[in-house]
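Here's the structure we're looking at; comments come further down.
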Amino acid sequence: MWYFLSPEIVFGEDSLSRLDDLDAHRALIICGKTVNRMGFVDIVKDHLGCAGIEFQVFDEVEPEPTFTTINTGATRANDYSPDVIIGLGGGSSIDAAKAIWVLYERPDIQLQGITPFESIGLRKKARLVAIPTTSGTGSESNSNLVITDEAEQRKLGLANREIYPDIAIIDHIFTSEMPPQLIADSGMDALTHAVEGYTSQCRNDFSDGLCLKAIQMIFNYLPRSYQNKDDREAREKMHVAASIAGLGFGNSMLGIAHSMAHSLGSVFHVPHGRAVGIFLPYTIEFNGACTENRYSDIASILKLKASNETEAVTEVTEAIRRLAKDMKQPLTIQELGIVYAYFIDAIPTLVSNADTDTSTVMSARIPTSDEFEKLFRYSYNGEAIDF
């Protein structure tokens, strides 16, 4: 038995006006300082004011939020007692809002112990609203979150079918000021979600169409969004595509591009979207023999010429690399500027983290520790996967 989970999704022109009739009395807005400084919090405050909702702001969320930040935010929530929590920002802010919400509702549990199917008992104190300001993580449309364990130098991917937002507001008004680098990073994240969601061992009929549609939209609109900040249609379509990808993989799970990216990011502090973008082509090459024409389907929707799965793997990986290269994204770990000696010293940690990442067990092909090491080494040098 499986479940298809989705928040109420509001998108299109003036989507933020959904806040005007929000049934709540007191809101806690969770975000980062940059989002607050850019005036996005003020926009949300205006709508809450129209609804007569009191509010406070917790703007201490950093990129790749830590357990320390989550605990601080949970204390703020307990002190303020909101009946709605609003995650405003990129994936870090929305993931932090999810985690803070859980601890606010259930201060007796440990986040690290959350499993996908156990009952937590949320929504007794508050509901969750997610408002993404970037077009990549899809956290607004699923029940997954990632928290950094600073003590162990690793990222923890957590999921539970109760931890999805009640409402996701997909308003492209926030994307007009996204710089090209952020568009590229977040776009590659969304693409990886869709590709891995389509090839995951938990793929299903409900998630398949979402993932394929997201892949098609990303290839159509990400280059335009990157090249022209005034292309409003491209920004809006990418914002929607990222949420579609989030809804797709949230109902099917991910794979080893995410395992490796979580590991690399926690050790070398590489932006998540940049990291998954590097690993995606290598992991497709690694998975190729175990995917039952999945990459042929992707090649077909992208109108790539491939007569079998082997050719499809080649065509899809090359298409992804062309897309990344056109946006000046790195194609190897070496291009990130990570010194080889430091990289080699970190190999045991990188492999251990990837081995135990929750995304690994859902991959189309699950690497051994030795294979993970080879994947990291090949990705550093830019070698084609031959094992």
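No value in this document is a laboratory result; all are computed from the given coordinates. Computed from a predicted model, the values in this text were never measured in an experiment. Cβ sites come from the backbone with ideal geometry, for glycine too, and all protein chains shown count toward neighbours.
Would you mind checking the tilt of helix 272-287 against the longest principal axis of the Cα atoms of the chain, expressed as 0 to 90 degrees and rounded to 10?
40 degrees
Taking only C-alpha pairs under 8 Å that are 6+ residues apart, what is the relative contact order of segment 297-387 in percent?
On the way: 47 pairs, mean separation 20.4, N = 91.
Reported relative contact order: 22 percent.
If the only charges are +1 at each Lys and Arg Cβ and -1 at each Asp and Glu Cβ, what is the size of the charge dipole of the chain around the Cα centre, to the nearest 20 debye?
Details: 33 positive and 53 negative charges, 53 e Å.
Here the chain has a charge dipole of around 260 debye.
With a ≥ b ≥ c the root eigenvalues of the C-alpha gyration tensor of the chain, is it rounded (a/c under 1.5), prolate (a/b larger than b/c) or oblate?
Prolate, since a/c reaches 1.5 and a/b exceeds b/c.
Counting other C-beta atoms within 10 Å, which of D185, D205, D46 has the fewest, and how do the rest follow? Let's see the in-between values first.
Numbers: D185 24, D205 7, D46 12.
Neighbour counts put them in this order, fewest first: D205, D46, D185.
Taking square-rooted eigenvalues a ≥ b ≥ c of the alpha carbon gyration tensor, is segment 180-381 rounded, prolate or oblate, where a/c under 1.5 means rounded and, failing that, a/b exceeding b/c means prolate? Please list the in-between numbers first.
Numbers: a/c = 1.63, a/b = 1.22, b/c = 1.34.
Taking the square roots of the gyration eigenvalues as a ≥ b ≥ c, segment 180-381 is oblate.
Helix-only mean residue ellipticity at 222 nm, the chain, DSSP H runs n ≥ 4 weighted -39,500 (n - 2.57), per residue, nearest 500. What is it?
Working: 13 runs with 192 residues, N = 387.
Per the formula, -16000 deg cm²/dmol.
Going by amide H atoms built from the backbone, whose H comes under 5 Å of the H on I29, apart from near neighbours?
Those lying under 5 Å, H to H, from I29 are Q56, V57, F58, I86.
Per-residue HN-Hα couplings for segment 216-228, Karplus 6.51 cos²θ - 1.76 cosθ + 1.60 at θ = phi - 60°, whole Hz, x for Gly and Pro?
4, 5, 5, 5, 6, 10, 5, x, 5, 5, 5, 7, 9
Step through the residues of segment 192-203 one at a time and calculate ³J(HN,Hα) from phi using the Karplus curve (6.51 cos²θ - 1.76 cosθ + 1.60, θ = phi - 60°), rounding each to whole Hz and writing x for Gly and Pro.
Computed from phi, the couplings for segment 192-203 are 5, 4, 5, 5, 6, x, 6, 10, 4, 5, 9, 4 Hz.
Can you list residues from other chains, or at least 5 along the same chain, whose modelled amide H is less than 5 Å from the amide H of R154?
D149
Show me the ranking of peptides 83-92, 114-123 by mean Cβ neighbours inside 10 Å, starting with the highest.
On the way: 83-92: 27.0, 114-123: 13.0.
Highest-to-lowest ranking by the protection proxy: 83-92, 114-123.
By average Cβ neighbour count within 10 Å, what is the ranking of 161-170, 359-368 from highest down?
On the way: 161-170: 21.9, 359-368: 19.2.
Descending packing order for the listed peptides: 161-170, 359-368.
Computed on alpha carbon atoms, what radius of gyration and Dmax characterise segment 327-373, expressed in Å?
For segment 327-373, the Cα-based Rg and Dmax read 12.8, 33 Å.
Could the peptides 350-358, 49-57 be put in order, highest first, of the mean number of other beta-carbon atoms found within 10 Å of their residues? Provide the component values of the computation, followed by the final result.
Details: 350-358: 20.1, 49-57: 15.0.
Output ranking for 350-358, 49-57: 350-358, 49-57.
Please compare each pair in K45/K237; K237/K325; K98/K124 to a cut-off of 24 Å on the Cα-Cα distance and tell me which ones are over it. Could the numbers behind the result be given before it?
Details: K45/K237 26 Å; K237/K325 21 Å; K98/K124 15 Å.
Result: K45/K237 exceed 24 Å.
Are there GluC sites (Glu not before Pro) in segment 282-326 that DSSP puts in a loop and that have at most 13 other Cβ atoms within 10 Å, and which ones? It would help to have the intermediate numbers written out before the result.
On the way: sites: E285, E292, E309, E311, E315, E318; in loops: E292.
Loop-located and lightly packed - E292.
Segment 229-284: which chymotrypsin sites (Phe, Trp or Tyr not before Pro) are DSSP loop and have at most 16 other beta-carbon atoms within 10 angstrom? Each step should come with its number before you reach the end.
Working: sites: F249, F268, F279, Y282; in loops: none.
Sites meeting the loop and neighbour criteria: none at all.
Take the alpha carbon gyration tensor of segment 1-87, find the square roots of its eigenvalues, order them as a ≥ b ≥ c, and report rounded if a/c is under 1.5; if not, report prolate when a/b exceeds b/c, else oblate. Don't jump to the answer; show the numbers that get you there.
Details: a/c = 1.43, a/b = 1.11, b/c = 1.28.
Rounded, since a/c falls under 1.5.
Explain nothing, just compute: Karplus ³J(HN,Hα) = 6.51 cos²θ - 1.76 cosθ + 1.60, θ = phi - 60°, for every residue of segment 235-241 in order, whole Hz, x for Gly and Pro.
Calculated HN-Hα couplings, in order: 4, 5, 5, 5, 4, 5, 4 Hz.
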